[in-house]
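The values are calculated or read from the model by the stated rules, or taken from the named source; none is laboratory data. Note that the structure is predicted; figures quoted are calculated from it, not measured. For neighbour counting, all protein chains shown are included, and Cβ atoms are generated from backbone atoms with ideal geometry for every residue, glycine included.
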């Protein structure tokens, strides 16, 4: 489990808390940069769009859904591995989960927040967004629960709530460790955050039960969330979207991109927070094997999707298929296939699976492929609907491209703030993986 | 008065806890930097009542979710293609999500209720219990109980023993 020998309990506290309590100038420069990029690339163009209207984006008749929705699916997808993987591995009692799950769960939370921002950008008049919730409003309207978009609102709100509670409750014992190691205002804050945790047997016992129940609730929830996102598309009758395979396709793609995202985040934590002692080869190897399995499932579903379109034989499905395979966006389609179906096969080699740098490159390529996949689903379907007079073309405007870039800066900003407020590795769960302190040892 | 004993080794800590229980001390807390099943067994902690909260929340959420979707459909009637007003497939999705939402929220409530957290008053505690020590706290000890508890803790091999006045 540990590449550099087993640390002591006290060392675990010291190493993890040092990443929160000691902050150098590099951190502030990085935080300032990501905040600056988020402000310039995301919020300023969004503000401009709010002033001039959604027409500032490249969406128009024939393609009323564009990059905002493809980014929404991407970020929802990226959120999937964190909480889902953490919950599944908790239930199955997998020890390699313990060092990486906290940051993976944070990834879930921040991806969800970024995804929610895209909904607000997409709807245009964001000040009416509360109309989508079942709360009294001045119009006397309530949402139509037969719409898949309402499924989305309910599913994502539930997922955000459950993921926040899941990560918070898992962090309570570690907040107590921060409380004990700090002074002044920070100590007062963490006294509140930790609820006065002492680590009694009763507290551990209750937390263990509650945490397992959270995990049991979160697993089907995560599967339902991306199934529901897929139904936004699949419940329409648009060629290229109206497939029964879409729910498992989206769920598999979400876990796939999320797992690749975890590899990227783990690389950064290891490199910049010096967690080499805790995040080792066993984690990289396990994640690599998981990625291979997911890439094979993803490839299989892609083949099925092509096959069912072809085998159906309807002219509009064939036209949508042709547009995707050899149309304007075909290079992007084949790039997606290369990055998500072929590049991951390199991980069959143990040499590659054990190399942090190579795995970082592969994980980034997978997520570029997955971002492209979501763009292709949105951008190549609506402009090829049934009759040629409904045909159109969609290309993102500079506003959409800028907001896309800005969303990555928002995610990075949230993550940088997170690592200073929450121990990014679970202190007590890492201790569980160490050999117990026994007199005879 | 609370008697606190800090141990460097798990087995000493567990031995002290068992001896204290065997000597009739019921009001003891066992503090550790990580969850220990053995400590929970010493205190006889079995299945947690948290599970009842989870079940109640899930059932209530399911009922509320369906009632909300069906009630909305009945209040704002929107006929679509001659289909029924209360349509099961889409409403089951809302029911499912609300089942999970309430299940999670009630589990959280259950955690707070059963664990007694947040703690509204200070309780006997050693910060080393969050780092690398295992701590036994005998609460509400008086008179000769203090000396007896201290002797048991010392005999088990405690590194440190303290007496603390408890908040009432």
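Residues in the range B:8-40 that are within 13 Å of residue B:135 (Cβ to Cβ) and more than 9 Å from chain A (Cβ to nearest Cβ) were compared, and the one that is surrounded by the most Cβ atoms within 10 Å (Cβ to Cβ) is B:13.
In the range A:176-202, the qualifying residues are those that are in contact (Cβ under 8 Å) with a residue 24 or more places away in the chain and crowded, with 19+ Cβ neighbours inside 10 Å, and the one that is farthest from residue B:65 (Cα to Cα) is A:181. Taking the conditions (1) within 14 Å of chain B (Cβ to nearest Cβ); (2) within 30 Å of residue B:77 (Cβ to Cβ) in turn, residue A:64 satisfies each one other than (1).
Is it the case that the range A:405-424 has a residue that's crowded, with 16+ Cβ neighbours inside 10 Å, modelled with pLDDT under 95, within 14 Å of chain B (Cβ to nearest Cβ) and under 30 Å from residue A:167 (Cα atoms)? For the range A:405-424, residues crowded, with 16+ Cβ neighbours inside 10 Å, modelled with pLDDT under 95, within 14 Å of chain B (Cβ to nearest Cβ) and under 30 Å from residue A:167 (Cα atoms): present. Summed over the range B:120-147, residues that are in contact with a strand residue (DSSP E or B) (Cβ under 9 Å, 6 or more places away or on another chain) and surrounded by 15 or more Cβ atoms within 10 Å (Cβ to Cβ) total 17. Restricting A:284, A:291 to residues that are out of contact with any strand residue (DSSP E or B) (no Cβ under 9 Å at 6 or more places or on another chain), surrounded by 18 or more Cβ atoms within 10 Å (Cβ to Cβ) and at pLDDT below 90 narrows the list to A:284.
Being outside any helix (DSSP H, G or I) and either over 25 Å from the mean Cα position of the chain (by Cα) or touching a residue at least 24 places away in the same chain (Cβ under 8 Å) (or both) narrows it down to one residue among A:328, A:339; which is it? First the steps, then the outcome.
On the way: A:339 fails: outside any helix (DSSP H, G or I).
When all the criteria are applied, what remains is A:328.
Scanning the range B:17-41 for residues that are touching a strand residue (DSSP E or B) at 6+ places or on another chain (Cβ under 9 Å) and part of a loop (DSSP other than H, G, I, E, B) gives B:25, B:27, B:32, B:33, B:36.
Of all residues in the range B:1-15, count the ones that are part of a helix (DSSP H, G or I) and more than 23 Å from the chain's Cα centre (by Cα).
Of the range B:1-15, the ones part of a helix (DSSP H, G or I) are B:10-15.
Cutting the leftovers down to more than 23 Å from the chain's Cα centre (by Cα) gives us B:11-12, B:15.
Final tally of qualifying residues: 3.
Six or more apart or on different chains, Cβ under 6 Å: which pairs go from a residue in the range B:87-116 that's within 7 Å of chain A (Cβ to nearest Cβ) and crowded, with 23+ Cβ neighbours inside 10 Å to one that's modelled with pLDDT under 95 and not in a helix (DSSP H, G or I)? Could you list them? Qualifying pairs under 6 Å: B:94/A:145.
If we scan the range A:31-53, do we find a residue that is on the phi > 0 side of the Ramachandran plot and surrounded by 13 or more Cβ atoms within 10 Å (Cβ to Cβ)?
Restricting attention to the range A:31-53, the residues satisfying the condition of being on the phi > 0 side of the Ramachandran plot are A:53.
Keeping just the survivors that are surrounded by 13 or more Cβ atoms within 10 Å (Cβ to Cβ) gives none.
No, the range A:31-53 has no match at all.
Residue check: residue B:72 meets all listed conditions (1) facing another protein chain (nearest Cβ under 9 Å); (2) surrounded by 15 or more Cβ atoms within 10 Å (Cβ to Cβ); (3) in contact (Cβ under 8 Å) with a residue 12 or more places away in the chain but one, namely (3).
Condition check for residue A:64 on (1) buried (at least 24 other Cβ atoms within 10 Å of the Cβ); (2) at pLDDT below 85: one failure, at (1). Residues in the range A:207-229 that are buried (at least 24 other Cβ atoms within 10 Å of the Cβ) and more than 30 Å from residue A:72 (Cβ to Cβ) were compared, and the one that is farthest from the other protein chains (Cβ to nearest Cβ) is A:207.
With respect to (1) assigned to a loop (DSSP other than H, G, I, E, B); (2) more than 20 Å from the chain's Cα centre (by Cα), the lone exception for residue A:44 is condition (1). Filtering the range B:120-168 to residues that are away from every other protein chain (no Cβ under 14 Å) and assigned to a loop (DSSP other than H, G, I, E, B) leaves B:140, B:141, B:142, B:143, B:165, B:168.
Quick check on this structure: which one of A:200, A:191 is in contact with a strand residue (DSSP E or B) (Cβ under 7 Å, 6 or more places away or on another chain), under 24 Å from residue A:101 (Cα atoms), within 11 Å of another protein chain (Cβ to nearest Cβ) and modelled with pLDDT of 90 or more?
From the options A:200, A:191, the qualifying one is A:200.
Here is a check on your reading of the model: is residue A:251 surrounded by 24 or more Cβ atoms within 10 Å (Cβ to Cβ), under 16 Å from the mean Cα position of the chain (by Cα), assigned to a helix (DSSP H, G or I) and in contact (Cβ under 8 Å) with a residue 60 or more places away in the chain? Reasoning before the result, please.
On the way: surrounded by 24 or more Cβ atoms within 10 Å (Cβ to Cβ): no; under 16 Å from the mean Cα position of the chain (by Cα): yes; assigned to a helix (DSSP H, G or I): yes; in contact (Cβ under 8 Å) with a residue 60 or more places away in the chain: yes.
No; evaluated as a whole, the condition is false for this residue.
Look at (1) more than 14 Å from chain B (Cβ to nearest Cβ); (2) at pLDDT below 95; (3) within 25 Å of the chain's Cα centre (by Cα) and you find that residue A:393 fails only one, number (3).
Of the set (1) assigned to a helix (DSSP H, G or I); (2) out of contact with any strand residue (DSSP E or B) (no Cβ under 9 Å at 6 or more places or on another chain), all apply to residue B:117 but (1). Go through the range B:49-76 and give me each residue that's modelled with pLDDT of 90 or more and not in a helix (DSSP H, G or I). Residue satisfying the conditions is B:49 alone. Applying the criterion of being more than 7 Å from chain B (Cβ to nearest Cβ) and surrounded by fewer than 19 Cβ atoms within 10 Å (Cβ to Cβ) to the residues of the range A:149-164, the residue that is farthest from the chain's Cα centre (by Cα) is A:149.
The set of residues in the range A:130-153 that are in a helix (DSSP H, G or I) and without any contact (Cβ under 8 Å) to a residue 60 or more places away in the chain comprises A:130, A:131, A:132, A:150, A:153. Taking (1) modelled with pLDDT under 90; (2) outside any helix (DSSP H, G or I); (3) within 30 Å of residue A:202 (Cα to Cα) in turn, residue B:80 satisfies each apart from (3).
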